[in-house]
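In what follows, a single structure is set out as structure tokens and then discussed.
The values are calculated or read from the model by the stated rules, or taken from the named source; none is laboratory data. Fair warning: this is a prediction, and the values are worked out from it, not measured in the lab. Here the Cβ positions follow ideal geometry from the backbone for every residue, glycine too, while neighbour counts run over all protein chains shown.
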Amino acid sequence: MTLADIKLHQVDRDKSQLAWRLERKFLILPRNIGLAYMLLRQVCRLDSEYPEEQINSLYFDTADLEQHNMSLAGEFRKDKVRIRWYGTDEDHQNDIPVFLELKSREGLASSKQRHRLVVPAEHLNLSSLSSGIVPKSTLIDTMSGFGHFPTKPLQPIIKISYWRYRFTEMLTGVRVALDCHIRSTMIAREIGYGERELELPGGVIEVKGASMELPVTLRHMKIMDLDWSRFSKYSYCIDSHSGKLGTVGRLSPSGKII
């Protein structure tokens, strides 16, 4: 199956000029993180510019978590609004570049639009994230420019950080990422128990390209008992904070214990 086989409804959404790609995600058991990295190093090249780094995102949603609920319901079309920045807290000393992003998904295909801004480092402090990092008018104007018009006000919901290793598969050029140490802190005070840095026990491999067919060199990943999933970091983390304290598998994706 290729992108040509999937109806993306790009004209309906006025996004016919966007670059769409297919994503496959595989959950990794905690004991297999090292093995996954080793196998990927054998068949992929590390990214020459950003081979590894911490990625941070502040996600926005409506007060009733409209986008989260659409993801849980398996809606064909859904969007995520976020502000993304890179590096650890120790890296943030002066003004920091951030990216206002709209990630749109239709089935298994996704696209991303982003706009770069520079903000004072203190805007990224955890205590300041409830203010949204940038003025509301900037967020609204940027999303409007992307053709996204939420029917309800958006507000900061959750901060998610993780460590990403980036690769390129040698034969096909397909992009591959290994994400681990996925941690989340709820910003919306009405959700969860005020916990900070809840961490996923395991990781995720993401394969991004124009085809659902895995490159031959990546098919041996099956030896790690990988589970193909529509895993959403945003929705997973919301569920983790909302789950009942002490519940077995609370910090694992819904229906899975890892």
- What is the residue count in the range 147-172 for residues that are surrounded by fewer than 20 Cβ atoms within 10 Å (Cβ to Cβ), touching a residue at least 24 places away in the same chain (Cβ under 8 Å) and over 30 Å from residue 195 (Cβ atoms)? 6
- Pick from the range 203-230, criterion surrounded by fewer than 17 Cβ atoms within 10 Å (Cβ to Cβ) and of a type in the set (A, V, I, L, M, F, W, C), ranking: modelled with the highest pLDDT: 216
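For the range 38-68, enumerate the residues that are within 16 Å of the chain's Cα centre (by Cα) and farther than 25 Å from residue 141 by Cβ.
Residues of the range 38-68 that are within 16 Å of the chain's Cα centre (by Cα), as a first pass: 52-61, 67-68.
Within the range 38-68, 52, 53, 54 qualify.
Give the residue that is surrounded by the most Cβ atoms within 10 Å (Cβ to Cβ), with candidates limited to residues of the range 14-67 that are acidic (Asp, Glu) and in a strand (DSSP E or B).
The initial filter retains those residues of the range 14-67 that are acidic (Asp, Glu), namely 14, 23, 47, 49, 52-53, 61, 64, 66.
This time we only want the ones that are in a strand (DSSP E or B), so: 23, 52-53, 61.
Details: 23: 17, 52: 12, 53: 15, 61: 24.
If we take residues in the range 14-67 being acidic (Asp, Glu) and in a strand (DSSP E or B), then 61 is surrounded by the most Cβ atoms within 10 Å (Cβ to Cβ).
Can you name every residue in the range 107-120 that is among the aliphatic types (A, V, I, L, M) and closer than 18 Å to residue 139 by Cα? Break it down into steps so the answer makes sense when it comes.
First, the residues of the range 107-120 that are among the aliphatic types (A, V, I, L, M): 108-109, 117-119.
Passing the criteria: 117, 118, 119.
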- Query: Before we move on, is residue 142 assigned to a helix (DSSP H, G or I), surrounded by 18 or more Cβ atoms within 10 Å (Cβ to Cβ), at pLDDT 95 or above and more than 19 Å from the chain's Cα centre (by Cα)?
  - Reply: yes
- Sole residue being in contact with a strand residue (DSSP E or B) (Cβ under 7 Å, 6 or more places away or on another chain), closer than 23 Å to residue 156 by Cβ and among the aromatic types (Phe, Trp, Tyr), chosen from 26, 76, 99: 99
- When every residue in the range 106-122 that is without any contact (Cβ under 8 Å) to a residue 24 or more places away in the chain and not charged (D, E, K, R) is compared, the one surrounded by the fewest Cβ atoms within 10 Å (Cβ to Cβ) is 118
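In the range 118-139, how many are among the hydrophobic types (A, V, I, L, M, F, W, C), assigned to a loop (DSSP other than H, G, I, E, B) and under 19 Å from residue 184 (Cβ atoms)? First the steps, then the outcome.
Going through the range 118-139, the residues among the hydrophobic types (A, V, I, L, M, F, W, C) turn out to be 118-119, 121, 124, 126, 129, 133-134, 139.
Subsequent filtering for residues that are assigned to a loop (DSSP other than H, G, I, E, B) retains 133-134.
Subsequent filtering for residues that are under 19 Å from residue 184 (Cβ atoms) retains 133.
Selection size over the range 118-139: 1.
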- Pairs where the first residue, in the range 216-235, is under 28 Å from residue 157 (Cα atoms) and the second is surrounded by 15 or more Cβ atoms within 10 Å (Cβ to Cβ) and at pLDDT below 65, C-beta under 8 Å, 6+ apart: 229/253; 231/253
- Query: Tell me, which residue of the range 166-202 that is part of a loop (DSSP other than H, G, I, E, B) and on the phi > 0 side of the Ramachandran plot is modelled with the highest pLDDT?
  - Reply: 197
